[in-house]
Structures are given as structure tokens and as C-alpha cells.
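The values are calculated or read from the model by the stated rules, or taken from the named source; none is laboratory data. The shown structure was predicted, so the numbers you read here are calculated from the model rather than taken from an experiment. Don't worry about glycine lacking a Cβ; one is built from the backbone with ideal geometry, like all the others, and counts go over all protein chains shown.
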Amino acid sequence: MASITRASVSMPSLSTSVNQSQRRISGLNSVSFPVSGRSMIPSLRLQRGLQVCCAAKQETVDKVVAIVKKQLALPADAAVTGESKFAALGADSLDTVEIVMGLEEEFDITVEEESAQSITTVQEAADMIEKLVEK
Amino acid sequence: HRRLPAVIPTPPVSASPFPNPKSQYCCLSRNFSAALTPLLPVQLPSRMETHLWYVVPDEVKSAPLLSKYMELLPQSERDHVLGFRGDQLQKSALLARTLVRTTIARYQVDGHLDPRSLRFKRNIHGKPEVEWETKDGFCPPPLQFNISHTSSLVACGVTMNSLIGIDVEEKRRRTKNNILAFAKRYFTAHEVEHLNAIPDSELQQQEFIKLWTLKEAYVKALGKGFSSSPFNTFTIRVNTAAQQASSGIAVETLDSPQNLTNNWQFALLELMGSHYVAICLERQETGGAGKAFPIKLTARKTIPSVEDELVSGTNAVVTIGGSVTQF
């Protein structure tokens, strides 16, 4: 009987038995997104009264990434970017709250529970931080 | 361990409330290259019962079996599973969807037994529910369920009627932050005091995890989303009276501190010596003087479509909080 061990790369039998084009991030050993040196999204500054959300500074994103990696015990070279979803990286609700607590300490902000629950990606966390820091 | 050899055929599970401890599906051989063996039906929980089903991911090792599980899922759920980073996370996500689909299918609510045909939706607050087919004359049953999983355990609780929330966690889960600092930030003053009063750091850590799972279970039972019940707006009170075998657990919301909220009852279990499972149920009936009946619990360890093992009343499931009778 075939067995899946920790060292094996993803579950190839899963993704090959379904449509190949659905194949996603496939395992700890695979390289998926290269970590970009600079954000490709130009930063738009908010005009007062507009609801358009600006993309956070790369520096903020990097700090969030560091906190997330630490909380989830991910290797330093793990591919984590703005688009990365906490849940997909393995964060459960306790991890998410701990991540938020870590962000509060790092940036000297207070995050209301409602806002904390709405953060699902690194980018969303960074955007929220910048909004709070601006205040 | 009550395990029977796989090759001996056994009769299907009877409708009796006390079935054989171990029911085997696969009669002839562990040949998973064929389609998944048809699911064996189970009896719906009675109005006062709670069914707990769980899977231990480390015990599900067959790649072909996992592939078959994937085939039970609609494309959107497969995508969701594959979106997790790494084997372990994908596997527990897959087992969670498989467990909920196969378990609900086995109750044969609409007469047939196909886990593939179940549809799920979310209520307005985001809580997952079954979307029953509205055929003529078909009244959807008040089946309630809730799932929780870690990488090492996947669990599903089922009731008829009672809103249910469950949460599972490894006993030895450690927080990265200091427990008291975390509790001061997110829990209530009473809970901080309760934790602070525990001198042994190991026990304090375990008590923290117990509180966390109980609080999660409550919010999940309410089904209104975490933002509607921030953790610092309700207190979980654990009464540890020396004369009681296990403690009573109650929830008290800050907006009505005088009255303990009697609508909800709790069970806290230690599973396999390694995990805490917190269950929160909507109280259906009370006995005299507002006392609740104990929670009637049936616990089964399962590998979907392969085997079940009735574990209630064994060392695998130990009640450590709340009033529970195991069947």
C-alpha cells in the first residue's frame, strides 16, 4: 500500500487524478512564487474622502511576512507574499490572533476584533496596519 | 485496541443503538484501486444525542484512498484543498471535507447515500450548513453539524436540532506569546484570574488551551461569526468542585452578567490522551430547577468508507469537563 510520508512532495495522486490545470502549490519542497524585491503595485496615496485602498509599503509587507513566518514556524526561505492567505499557510484561528497580536506589538497599534477577523492575507494585514498607523 | 482483521466479512451495522463496536466495510481485501466501498448507513442521533466522529490523519496513509476521497468533492472544494500549502495541510483539509460529506450521507436523510450529491451553503453569518434538495413534500431534517480540524485530528459533531459548535486542539499546543499577556489582551478578567491562579506553567498552558477551545466552540455554536462575539465579551466559567468527578462549565456574557446564560451547555473531552475537544450545544430541555440533562455522547473514530470504531466509554474519550454520559 502506498504511503504518504512527510518527505514526499505534495500528493501527486490527488492532483493528477483531477484536472491537471488545477494543480496548485504542491509541497514544501517546491518553489512557487519567487519573492519579489519590490512590490509591482504602484502605491496610490489616498485622497481625502475617497475609499480607494492604497497598497501598503513593501517594508510593511516584509515585516508582516516575518511575523507570519515566525508564528507558523515556516522556514526563512518559504515563499510568502502579499497574496499569501494565512489559512493556506496553515494558520488556524489561534495562529491568526497571535499574528495580529504580533502586529500590534511590532507597529504599536490596536486592532479591533472585527478588523482582525477580516484579515485573511498578508496584503490585507499590511493595508490595515498602514491605515491604523496613519491615524 | 479493538480491531478485527480486514479480511473477515462482517454483517452490516444494525439499527440497534448498540451496534458492534467495530464495523468493517471492506469484506474481501483492502483493494482501494476499485471505487470506494459504498457507505454503511448509521442511525440519526435522537433529539438528546450528540454524535462525534473523528479521523486521525496519520492513520490514513493510502494515496489511492486519498485520491478517491478527492473524487467525492466538487471542483470548488478540490481547489480549496489544493490551495493549502504542503502535504499535511492538504490532507487534513481533504479529510475534513470527506468526513463531513460521508458522515452526513450515512444518515441517509433523503433516502440515498451519495456524499457527492450533498450541497453546502453558508448562512448569512458564514456558518456552513447543508443545502437540502427541496423535492416535493421533503422536509429538511433539523440536522446540525460542525467541523474542526488540526493537522493531527479532524472531527465532526452532529445533532438533531441543537445548534452545535466544536473545536479541537492538541493538548501540547504552545502559544508563541506569553499566555497571560495573550489572555489579558483577548480574554475576560475572570479568565485571566483563573489562569493566573495556576502556578504550574505546564498546567497553565493546558488550561489556556481548554479555555480557548471552549470559547471557540461557543462562538461556532452561535454561528454568528467571531466578530459578533469577541472573546473578551463572554466568560467561560469552569467550576472545579472537589467532590465532583468533572467540572461544570458555563458561559456568562458580559452584557448580562447577573444571569449565567443557560441556553448553552458544554462538554470538554480529552481524546486519545493527545487532544482536547470542546463541544458547545444549544440546550434543548432542562430537568427540574433549571438543571440540564447531561450530554449524551456517542463517539466514533473512523476512516471514511473503510472502518468505524465505537470509542465512547473507552480510554480514547475521557470527559474532563461538563456533564456527559457516553454511549
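A few comments on the model shown:
- Scanning the range B:207-231 for residues that are surrounded by fewer than 18 Cβ atoms within 10 Å (Cβ to Cβ) and under 15 Å from residue B:182 (Cβ atoms) yields a single hit, B:230.
- Condition check for residue B:152: out of contact with any Phe, Trp or Tyr (no Cβ under 9 Å at 6 or more places or on another chain) and either buried (at least 22 other Cβ atoms within 10 Å of the Cβ) or modelled with pLDDT under 90 (or both): no
- Residue in the range B:136-143 that is among the charged types (D, E, K, R) and at pLDDT 95 or above present: no
Rundown of residues vs (1) under 13 Å from the mean Cα position of the chain (by Cα); (2) among the acidic types (Asp, Glu); (3) within 11 Å of another protein chain (Cβ to nearest Cβ); (4) not in a loop (DSSP other than H, G, I, E, B), yes/no style:
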site: A:76; (1), (2), (3), (4): no, no, no, no
site: A:83; (1), (2), (3), (4): yes, yes, no, no
site: A:99; (1), (2), (3), (4): yes, no, yes, yes
site: A:106; (1), (2), (3), (4): no, yes, no, yes
site: A:111; (1), (2), (3), (4): no, no, yes, no
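- Meets criteria (in contact (Cβ under 8 Å) with a residue 24 or more places away in the chain, in a helix (DSSP H, G or I), within 9 Å of chain A (Cβ to nearest Cβ) and over 30 Å from residue B:266 (Cβ atoms)) for residue B:66: yes
- Across the range B:44-61, the number of residues qualifying as part of a strand (DSSP E or B) and of a type in the set (Ser, Thr, Tyr) comes to 2.
- Checked against (1) at positive phi; (2) facing chain A (nearest Cβ under 9 Å); (3) of a type outside the set (A, V, I, L, M), residue B:169 passes all but a single condition, namely (1).
- Only one of B:100, B:81 that is touching a Leu at 6+ places or on another chain (Cβ under 9 Å), within 11 Å of chain A (Cβ to nearest Cβ) and not basic (Lys, Arg): B:81
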